[in-house]
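**Q** To start, I am sharing the structure in question, which I have written as structure tokens.
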Amino acid sequence: GQVTHMNGSWISIMLMVFGIIMIFGNFLFGGLLHKNLIKTVLIFPLLYVMIYLFIYYLSSSVLPMVVVVLIWGAVHSGGLIISQAWLTTETKEAPEFGNSLFVSFSNLGITIGASIGGWFISHLGIHQLIWSGIMFTLLAFLTIIIKMSILHKSQERFQISNI
């Protein structure tokens, strides 16, 4: 409302549309994960940064923001599916434990994100909030790269030790 200058009715409609579009995003990202888990996991944070940048630069215009919110809803829901799929690849022997980790760390992420987001709003203003999201997204991308390099090195060691 403060940045885009939408009234309460428009904001309510956009939140409802965001939620409905998330259903389609679930199917979209479920299909992408089925085709290639690694590429989908790698592309997701980069796609999210692009969405954040669109939000930042187009937020003063209502019509472009309507389009961005549609895309944002689809992409946002993909993060939940991607996180769950990525985690279950590591917890095949204990899927219940993996699911409890997913829920626990999702809640922790919401808590930390809301706290840091609140700091951004109080110190930098509402329009600058998006930079905290970009920061977390790039941090997630970095951890994905680190995990993949560790996994790749351990697979190389395993193959060499079996020779």
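The values are calculated or read from the model by the stated rules, or taken from the named source; none is laboratory data. All of these numbers come straight from a predicted model, not from anything done at the bench. Cβ sites come from the backbone with ideal geometry, for glycine too, and all protein chains shown count toward neighbours. When the accessible area is computed, the model is the full protein with side chains, heavy atoms only, and any ligands, DNA or RNA have been set aside. Shrake-Rupley method; radii C 1.70, N 1.55, O 1.52, S 1.80 Å.
**Q** Given TYR48, TYR52, which one is modelled with pLDDT of 90 or more, part of a helix (DSSP H, G or I), within 18 Å of PHE141 (Cβ to Cβ) and touching a His at 6+ places or on another chain (Cβ under 9 Å)?
**A** Going through TYR48, TYR52 in turn, the sole match is TYR48.
**Q** A further question on this structure: Sort out which residues of the stretch 76-86 are of a type outside the set (Ser, Thr, Tyr) and surrounded by fewer than 20 Cβ atoms within 10 Å (Cβ to Cβ), and write them in order of number.
**A** Answer for the stretch 76-86, where residues must be of a type outside the set (Ser, Thr, Tyr) and surrounded by fewer than 20 Cβ atoms within 10 Å (Cβ to Cβ): HIS76, GLY79, LEU80, ILE81, GLN84, ALA85, TRP86.
**Q** Right, next: Regarding GLY31, is this residue open to solvent by less than 80 Å² (accessible area, probe 1.4 Å), small (Gly, Ala, Ser) and either touching a helix residue (DSSP H, G or I) at 6+ places or on another chain (Cβ under 7 Å) or on the phi > 0 side of the Ramachandran plot (or both)?
**A** It is false that GLY31 is open to solvent by less than 80 Å² (accessible area, probe 1.4 Å), small (Gly, Ala, Ser) and either touching a helix residue (DSSP H, G or I) at 6+ places or on another chain (Cβ under 7 Å) or on the phi > 0 side of the Ramachandran plot (or both).
**Q** With the requirement that a residue be outside any helix (DSSP H, G or I) and open to solvent by less than 70 Å² (accessible area, probe 1.4 Å), what does the stretch 57-75 give you?
**A** Selection gives SER59, SER61.
**Q** Separate question: Specify which of the listed residues (MET50, MET14, MET22, MET6) is over 13 Å from ILE82 (Cβ atoms) and open to solvent by 90 Å² or more (accessible area, probe 1.4 Å).
**A** Residue meeting the stated conditions: MET50.
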